[in-house]
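Q: Just dropping this structure here.
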Amino acid sequence: MNKIKLIIAREYLTRVKKKSFIIMTILGPLLLAALFIVPIVVATQTQKTMNVMVVDDNDFFINKFSDTEKTKFSYRSGDIELIKKDALNSGYDAVLHILKGTQSIKTNLFFNEEPSMTFNSNVESQMDKLLFDRVLIDTFNIDPVKYEQLKNLTRSSIANIKIDATGEEKESKSEITRMVGMFSGLAIYFFIFLFASQVLRGVLEEKTNRIVEVLISSVKPMELMMGKIIGIAMVGLTQFLIWVGFTFVLIYGVQVVKPDLFQSTEVAQQMVGGNVNVATTAELTNVNVDALPNVSVFAIIDSYFNVSFTVLILSFLFYFLMGYLIYAALFAAVGSAVDNETDSQQFVMPVTIPLLLSIMLLMPITENPNGPLAVWMSMIPLTSPVAMLIRLPSGVPLYELLTSMAISVLFFVLCVWFASKIYRVGILMYGKKVTYKELFKWLRY
């Protein structure tokens with residue numbers, strides 16, 4: 001046991017003192033925070049104000065478009081060619097030419113620089129609404145204002161309320177929990193491969209440099225393998241906890257310094273994925289952000305409480321450690337059986353296919369987290385780290401979670417036995433191309 005402690009300490013201290021570890025520990029939370037912040041900042045600041053000249057051959061849309069924060073309309077009539085040339089050369093970003101028509105109206109948009117999708121959507125929505133109002137009046141003799149009032153009175157909405165085993169009711173934020181599940185699954189996939197692959201490279205390095213021959217004279221192969229696996233696990237756990245802490249501090253700091261950053265209209269409309277129904281011209285120009293879903297970064301963190309924040313954090317740590325330990329043991333076996341990293345690829349690919357499969361099936365699992373596919377993949381140890389983390393934010397029965405954890409622990413013990421058999425033989429074998437048939441023979445030694 002003392003020898004294993006020495007190996008663990010050596011693996012841990014050697015890695016945490018490296019400059020690469022310190023640099024990545026500092027950059028990690030910055031990169032993670034940037035995943036949230038940069039798209040939002042870009043969405044709010046890169047869209048310039050569009051000055052649009054409207055030329056309407058029908059004279060119906062004159063002075064009827066509503067200006068928004070990012071779109072300003074002006075109006076002229078006359079020859080489109082002259083107006084187009086004059087407007088685009090005098091500071092206007094686009095010329096909107098509405099051709100003569102009755103109901104289905106064709107429109108041409110002339111510009112020098114491609115406008116944003118938000119701009120096109122805004123213009124189309126306003127035109128559709130104005131045409132719809134005209135049809136209501138001319139064809140059905142219905143006042144558009146009264147129509148909107150009636151539509152608002154008859155509008156329905158569904159609140160998702162989850163009832164747990166104790167009968168307690170909680171509102172479920174389905175879209176946010178799915179997003180959190182996908183992020184958690186991708187994050188744990190990244191962490192497992194990042195640190196498990198270090199075991200493979202470490203074993204290969206010691207074998208190539210013949211350092212292992214000296215080590216084996218003092219410790220058993222099993223002790224050497226477990227010391228390396230546990231030492232790197234502690235490095236990964238240390239870096240992970242620091243990253244999580246720094247990321248929360250950075251996001252909280254940005255939220256405090258600029259609290260409206262995550263609440264702007266454009267960002268809100270993008271993040272709710274089109275669920276905002278722009279029903280009236282007034283709503284187009286003055287979207288009530290308070291009526292939109294809470295798109296703050298902390299709404300994502302809040303969604304964890306729909307299950308249990310503590311359970312989810314502990315589950316993430318458990319599946320990270322179990323996933324890492326299982327794949328690290330298998331990678332250690334692969335590293336001991338070959339002489340260089342190139343030869344290891346034939347053995348690494350079959351080992352990693354289950355984890356890659358869980359990423360490929362990420363969307364089906366997210367869409368139906370309690371379906372047969374999701375349940376079975378969360379029970380199979382090689383896919384459960386990703387699959388279970390995707391399912392957890394939507395709620396998983398306690399017995400399924402405990403069963404999955406128990407299977408993972410038992411499978412880890414089996415992997416350690418399997419890996420130690422191969423490691424014991426392969427670590428001192430050089431210059432021989434190992435086949436699968438040869439590996440199975442080693443299990444009987």
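Read-outs throughout are calculated quantities, based only on the coordinates presented, and are distinct from any laboratory measurement. These numbers were taken from a predicted model, which means no experiment stands behind them. Cβ atoms come from the backbone with ideal geometry, glycine included; neighbour counts cover every protein chain shown.
Q: Can you classify the range 1-138 as rounded, prolate or oblate using the Cα gyration tensor, where a ≥ b ≥ c are the square roots of its eigenvalues, rounded means a/c under 1.5, and otherwise it's prolate if a/b beats b/c and oblate if not?
A: Note, shape of the range 1-138 comes out prolate.
Q: Calculate one ³J(HN,Hα) per residue across the range 323-329 by plugging θ = phi - 60° into the Karplus curve 6.51 cos²θ - 1.76 cosθ + 1.60, and present them in order as whole Hz with x for glycine and proline.
A: My calculation for the range 323-329 gives x, 5, 4, 5, 6, 5, 4 Hz in order.
Q: Let me ask something additional. For residue 402 and residue 359 in one chain, what is 0.36 nm times their gap in residues minus the Cα-Cα distance, to one decimal in nm?
A: Going from the current span to full extension adds 13.2 nm.
Q: Where Lys and Arg each count +1 and Asp and Glu each count -1, what net charge lies around residue 75 among other residues with Cβ under 11 Å from its Cβ?
A: 0
Q: Something else about it: Return the long-range amide H neighbours of residue 51 (sequence gap of 5 or more, or a different chain), with a cut-off of under 5 Å between placed amide H atoms.
A: Sorted by chain and number, the residues that satisfy this are 72, 93, 94.
Q: For the ranges 359-366, 320-327, 227-234, what's the packing order if you count other beta-carbon atoms within 10 Å of each residue, average per peptide, and put the highest first?
A: Descending packing order for the listed peptides: 320-327, 227-234, 359-366.
Q: Calculated FRET efficiency, residue 343 and residue 120, Cβ-Cβ r, R0 51 Å, to nearest 0.05?
A: Result of the calculation: an efficiency of 0.40.
Q: Expected output is a single nm value to one decimal: the length gained when fully extending between residue 252 and residue 313, i.e. 0.36 nm times separation in residues minus the C-alpha distance. What is it?
A: 20.1 nm is the gain from fully extending residue 252 to residue 313.
Q: Rounded to the nearest 0.05, what FRET efficiency do residue 150 and residue 75 give with R0 = 51 Å and r taken as the Cβ-Cβ distance? Could you check?
A: 0.95
Q: Going by amide H atoms built from the backbone, whose H comes under 5 Å of the H on residue 142, apart from near neighbours?
A: Amide H neighbours of residue 142: 137.
Q: So which lysines can residue 18 reach, going by Cα to Cα under 30 Å and dropping same-chain residues fewer than 8 places off?
A: 3, 5, 207, 220, 228
Q: Please give the FRET efficiency for residue 26 paired with residue 436, using the beta carbon to beta carbon distance and R0 = 45 Å, rounded to the nearest 0.05.
A: 0.60
Q: Moving on to the next point. Compute the distance in nm between two label points, each set 7 Å from the Cα along the Cα-to-Cβ direction, one at residue 34 and one at residue 219.
A: 3.7 nm
Q: Among DSSP beta bridges whose residues both lie in the range 50-152, state the antiparallel percentage, nearest 5.
A: About 35 percent, rounded to the nearest 5.
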